[in-house]
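Structure, as structure tokens:
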Amino acid sequence: MPIAIPHTCTKKALRQDGTPWYSDFPEPESTPSKTPSSEIYTLLSSSSLLAKNILLIDTRRTDCTGGTIQGSINIPAHSFYWSRKVIYDLCLRGGVKRVVFYCGSSNGRGPRCAAWMQDYIDSVGGDVELKAEVMVGGIRSWVKAYGGEMMEGYDEKVWEAVKQDEV
């Protein structure tokens, strides 16, 4: 199923030859579920065992200045496709049940990587206990709602426009 990507995202995601960064990879078939940032925040801020079952993947590349959600790993979208098996194996070994992806606004890279991950999960047997998801609104929604709470490398100056609804 093709992923609808806003024009503003595709404009930034073009290679020098004018093609999108993802054009060398297969089109994802899955539609990953969407998870509000409030749900992730609640789980991470609690002492719930459910928080230990989540892996957060930040798919931003050069636009990752300003910080990332605490505990996230950064795997830029353009290199994620080839890492799916490793991520899958690590999740199984670590008891992870939910892999939650995000990017700047979760309108392009995050959903595409989540769909590729769900496609991989489905292709190797459809492990019903492991699901790929997208955090709605991406890091921008997180910062707008929670500021620098539970973030590593938070730089308030980078996020001033987000907090004022300018982005």
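The values are calculated or read from the model by the stated rules, or taken from the named source; none is laboratory data. Please read these numbers as outputs of a predicted model, since none were measured by experiment. Neighbour counts run over all protein chains shown; Cβ positions are idealised from the backbone, glycine included.
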- request: Select, from Lys131, Lys85, the only residue that is within 20 Å of Glu27 (Cα to Cα), modelled with pLDDT of 90 or more and exposed (fewer than 14 other Cβ atoms within 10 Å of the Cβ).
  value: Lys85
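Being among the charged types (D, E, K, R) and buried (at least 21 other Cβ atoms within 10 Å of the Cβ) is the filter here, so list the residues in segment 111-128 that pass it. Show your work before the answer.
Kept after step one, since they are among the charged types (D, E, K, R), are these residues of segment 111-128: 112, 119, 122, 127.
Arg112, the sole residue that qualifies.
Specify the residue that is surrounded by the fewest Cβ atoms within 10 Å (Cβ to Cβ); the eligible residues are those in segment 24-51 that are farther than 18 Å from Arg84 by Cβ and over 17 Å from the mean Cα position of the chain (by Cα).
Filtering segment 24-51 down to residues farther than 18 Å from Arg84 by Cβ leaves 34-51.
Restricting the remaining residues to those that are over 17 Å from the mean Cα position of the chain (by Cα) gives 42, 45-50.
Working: Thr42: 13, Ser45: 13, Ser46: 10, Ser47: 6, Ser48: 12, Leu49: 9, Leu50: 12.
Among those residues, the one meeting the criterion is Ser47.
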query: When segment 111-128 is examined, which residues are found to be farther than 28 Å from Val143 by Cα and either at pLDDT 90 or above or among the β-branched types (Val, Ile, Thr) (or both)?
result: Asp119, Tyr120, Ile121, Asp122, Ser123, Val124, Val128
statement: Filtering segment 113-148 down to residues that are in contact (Cβ under 8 Å) with a residue 60 or more places away in the chain and of a type in the set (D, E, K, R) yields Asp119, Asp122, Lys131, Glu133
Those helices (runs of 4 or more DSSP H) lying entirely in segment 54-123 with at least 2 residues in contact with a Pro (Cβ under 7 Å, 6 or more places away or on another chain) and small (Gly, Ala, Ser): 109-123
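Among the residues of segment 90-104, write down those that are of a type outside the set (Val, Ile, Thr) and crowded, with 19+ Cβ neighbours inside 10 Å.
Taking segment 90-104 first, the residues of a type outside the set (Val, Ile, Thr) are 90-95, 97-98, 101-104.
If the condition is that a residue be of a type outside the set (Val, Ile, Thr) and crowded, with 19+ Cβ neighbours inside 10 Å, then Cys91, Arg98, Phe101, Tyr102, Cys103, Gly104 are the ones that fit.
Here's a check for you: in segment 124-133, which residue that is part of a loop (DSSP other than H, G, I, E, B) and of a type in the set (A, V, I, L, M) is farthest from Ser72 (Cα to Cα)? First the steps, then the outcome.
Going residue by residue through segment 124-133, those that are part of a loop (DSSP other than H, G, I, E, B) are 124-130.
Cutting the leftovers down to of a type in the set (A, V, I, L, M) gives us 124, 128, 130.
Working: Val124: 25, Val128: 23, Leu130: 17 Å.
My answer is Val124.
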message: Quick test of your reading of the structure: Leu92 fulfils all but one of (1) closer than 16 Å to Asn53 by Cβ; (2) in contact with a strand residue (DSSP E or B) (Cβ under 8 Å, 6 or more places away or on another chain). Name the failing condition by number.
response: (2)
- prompt: Just one of the numbered conditions (1) modelled with pLDDT under 95; (2) closer than 20 Å to Pro20 by Cβ; (3) not in a helix (DSSP H, G or I) is not true of Tyr154; which one?
  reply: (2)
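Do we find that Gly108 is surrounded by fewer than 21 Cβ atoms within 10 Å (Cβ to Cβ), small (Gly, Ala, Ser) and at pLDDT below 95 in this structure? Working first, answer last.
Values: surrounded by fewer than 21 Cβ atoms within 10 Å (Cβ to Cβ): no; small (Gly, Ala, Ser): yes; at pLDDT below 95: yes.
No: the conditions fail for Gly108.
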